[in-house]
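**Q** Before I ask anything, here is the structure I am working with.
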Amino acid sequence: MNSTKAVISDYVVRPIESSDLNRAIDIWSLSFGFMDRDRWSMFYDSFLDTAIGAYLDDYLVSVAGITNFQMWLGEQLVPCAGVSAVAADPAHRRRGLVRKCLAACLEESHRKRVPLTALWPFSYPFYRRMGYEVTDLQYIIEVAVHGLPDVGDATRYRRLHMDHYEPLKPIHEQWIKQSNLSIKRGDLQWRRLLSHPERQICAFLHDDGYILWNIKDRANRTLDVFEWAWVSDAGFLDGIALLKRMDDLNFDRVRFRIGDLAPLLALGVPEPVPAITVKPGMMTRVLHTEAFVEALGKKVPPFLIDDPLGVSESYKGNGDSEPLGPFTPGEVIQAVTDFHNRKPASVPEGLYKIVAGRHNFTSEFF
Ligand SMILES: CC(C)(COP(=O)(O)OP(=O)(O)OC[C@H]1O[C@@H](n2cnc3c(N)ncnc32)[C@H](O)[C@@H]1OP(=O)(O)O)[C@@H](O)C(=O)NCCC(=O)NCCS
């Protein structure tokens with residue numbers, strides 16, 4: 001390697017080759033604090049559809065990757081580039097290299113006419129500067145088990161062993177269909193979720209739902225429900241009854257995550273009062289604008305896109321009216337799905353709320 005200090009033009013951004021996998025794992029494991037090299041290797045082989053890195057003299061220093069998903073947008077599933085594995089060697093951070101790697105990943109997905117891209121950020125401002133916006137809110141409920149109301153019938157939930165988890169899949173498919181911007185889970189994602197090293201999973205199955213909880217960490221006596229899917233009122237109410245029965249030797253509180261408070265609030269306020277934390281969830285943005293407008297399936301007015309990464313184009317329409325905007329690629333998703341529950345003054349009627357029949361909620365982590 002060169003002995004003089006590297007300048008930005010010395011770095012080359014290009015697809016990562018399999019021969020660099022060990023080096024990529026060095027960067028990921030240090031950056032994410034997760035050291036299982038075999039799991040990283042499996043992640044690279046099976047999950048990452050694109051991996052692009054910045055190199056200094058053939059030495060890999062930063063990485064960004066894409067996993068291809070299908071995401072619900074209104075009434076249809078559309079392709080979505082899920083950004084993951086974003087990390088940089090500490091010696092080469094703060095040089096704009098990750099931004100370049102991410103832009104190169106998005107350019108590749110743009111060439112394939114992928115309409116959307118999404119990610120779970122470590123920092124919201126960081127990805128906001130790359131055109132993404134928050135597009136869903138997640139409510140974390142923490143409640144005393146004995147305070148839960150006695151509704152529903154717990155016996156309708158039956159224990160399911162993890163070597164036979166197939167029945168969860170069709171319920172998951174129905175469940176995600178009830179939300180906008182939810183992500184379809186493939187077999188590999190199921191396996192990865194259920195074999196997570198930090199979890200010891202206990203599953204209960206209902207005709208209209210399932211509950212997955214983690215019993216590995218009992219130290220703070222809080223039962224961690226990491227996924228609860230229900231597709232009818234019974235699935236929800238019977239689940240409340242089941243959680244209420246977990247007032248036992250190990251647990252006296254339960255924590256779960258939902259995308260809509262209404263079913264919980266309809267039960268009235270339990271005593272003691274639950275702690276409800278609202279957190280920003282996933283970030284999303286338009287990628288290929290024309291493909292995105294096609295997926296909307298409706299006539300929309302022309303609009304300008306101001307993309308800080310310079311990847312997504314404005315929508316010209318048939319040129320019979322002046323374009324509106326400019327909007328960032330993330331603001332367009334917020335506008336069409338009515339993320340703010342009100343029309344921002346700058347957003348025209350023709351764009352506002354056009355796929356907003358369902359609230360936005362994504363449970364899929366990647
Ligand atoms: C986050 C991380 C990938 C950033 O890498 P990097 O090479 O320093 O990023 P870049 O230099 O391309 O930064 C792009 C922009 O973000 C800013 N930025 C960099 N690190 C940041 C941080 N930790 N917090 C907020 N902003 C940051 C930079 O100033 C730059 O802004 P600018 O283009 O407006 O000047 C790196 O710090 C890392 O590997 N962290 C640990 C793993 C991680 O958190 N990954 C993200 C998972 S979503």
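**Q** Considering Cα pairs under 8 angstrom that are at least six residues apart, work out the relative contact order of the chain and quote it in whole percent. Spell out each step's value before the answer.
**A** Numbers: 725 pairs, mean separation 74.7, N = 366.
That works out to 20 percent.
**Q** Would you pull out the residues with amide H under 5 Å of Asp208's amide H, same chain only if 5 or more places away, H placed 1.01 Å from N?
**A** Those lying under 5 Å, H to H, from Asp208: there are none.
**Q** How high is the FRET efficiency from Ser232 to Lys299, r the C-beta distance, R0 30 Å, rounded to 0.05? Display every interim value, and only then the final one.
**A** Numbers: r = 36 Å, r/R0 = 1.19.
With R0 = 30 Å, the Cβ-Cβ based efficiency is 0.25.
**Q** Another question about this same structure. Of Ala51, Ala335, Ala241, which has the largest mean-square fluctuation in a 10 Å C-alpha GNM of the chain?
**A** Top of the fluctuation ranking is Ala241.
**Q** Short version: ³J(HN,Hα) in whole Hz for each residue of region 237-242, in order, from phi by Karplus 6.51 cos²θ - 1.76 cosθ + 1.60 (θ = phi - 60°), x for Gly and Pro, what are they?
**A** Going residue by residue, I get 5, 5, x, 4, 4, 5 Hz, with x marking Gly and Pro.
**Q** Starting from 0.36 nm per residue, how many nanometres of slack lie between Leu267 and Ser46 once their C-alpha separation is accounted for?
**A** Working: separation 221, 0.36 × 221 = 79.56 nm, distance 4.28 nm.
Fully extending the segment from Leu267 to Ser46 adds 75.3 nm.
**Q** Under 10 Å, Cα contacts only: if you run a Gaussian network model on the chain, which one of Gly268, Gly152, Gly310 comes out with the highest mean-square fluctuation?
**A** Answer for the Gaussian network model of the chain: Gly268.
**Q** Provide the gained length on full extension for the span Asp260 to Tyr352, in nm with one decimal, where the gain is 0.36 nm per separating residue minus the Cα-Cα distance. Spell out each step's value before the answer.
**A** Values: separation 92, 0.36 × 92 = 33.12 nm, distance 2.12 nm.
Once the chain is fully extended between Asp260 and Tyr352, it gains 31.0 nm.
**Q** Would you mind ranking Tyr132, Tyr11 by Cβ crowding within 10 Å, fewest neighbours first?
**A** Fewest-to-most ranking of Tyr132, Tyr11: Tyr11, Tyr132.
**Q** Follow-up. Non-local amide H neighbours of Leu160 (under 5 Å, H modeled in plane, Pro and chain starts lacking H): which ones?
**A** Answer set, sorted by chain and number: Ala203, Phe204, Leu205.
**Q** With the convex hull built on the Cα atoms of region 279-320, state its orientation-averaged projected area in nm².
**A** 4.0
**Q** For the chain, modelled as a GNM with alpha-carbon contacts under 10 angstrom, which of Val145, Val273, Val332 fluctuates the most?
**A** Val273
**Q** Tell me, what does the Kirkwood hydrodynamic radius of the chain come to in angstroms if you use every pair of distinct C-alpha atoms? If you can, show how the numbers build up before the last one.
**A** Details: mean 1/r = 0.0448 Å⁻¹.
Its Kirkwood hydrodynamic radius stands at 22.3 Å.
**Q** Sticking with this structure for a sec: Given Cβ point charges of +1 (Lys, Arg) and -1 (Asp, Glu) and nothing else, what value in debye, to the nearest 20, does the dipole of the chain about its Cα centre take?
**A** Numbers: 42 positive and 47 negative charges, 96 e Å.
Using Cβ point charges on Lys, Arg, Asp and Glu, the chain gives about 460 debye.
**Q** Rounded to the nearest 0.05, what FRET efficiency is calculated for Ala275 and Asp320 with R0 set to 41 Å and r the Cβ-Cβ distance?
**A** Working: r = 53 Å, r/R0 = 1.29.
The formula returns an efficiency of 0.20 here.
**Q** Here's a follow-up. Tally Lys and Arg at +1 and Asp and Glu at -1 over the other residues with C-beta under 13 Å from the C-beta of Ala266: what net charge comes out? List each step's numbers first, then the result.
**A** Details: positive: none; negative: Asp233, Asp260.
Within the 13 Å Cβ shell, the charges total -2.
**Q** Where does the charge balance sit around Ala118 when Lys and Arg score +1, Asp and Glu -1, over other residues with C-beta under 11 Å from its C-beta? Please report the intermediate quantities before stating the final value.
**A** Details: positive: Arg285; negative: Glu133, Asp136, Glu364.
The answer is -2.
**Q** While we're looking at this one, here's another question. Give me the one-decimal nm value for the distance between modelled label points at Asp26 and Lys112, 7 Å along each residue's Cα-to-Cβ direction.
**A** Using points 7 Å along Cα→Cβ, the separation is 2.9 nm.
**Q** Using +1 on the beta carbon of Lys and Arg, -1 on that of Asp and Glu, and nothing else charged, what's the dipole of region 138-279 about the Cα centre, debye to 20?
**A** Numbers: 19 positive and 20 negative charges, 100 e Å.
Dipole size: approximately 480 debye.
**Q** Give the long-range amide H neighbours of Glu313: residues separated by 5 or more places, or on another chain, with amide H under 5 Å away, using H modelled in the peptide plane at 1.01 Å from N.
**A** Thr289
Every number here is computed from the coordinates shown, using simple stated rules; none is lab data. Just so we're clear, the structure is a prediction, and the values are computed from it rather than from any experiment. Virtual Cβ from ideal backbone geometry, glycine too; neighbours counted across all protein chains shown.
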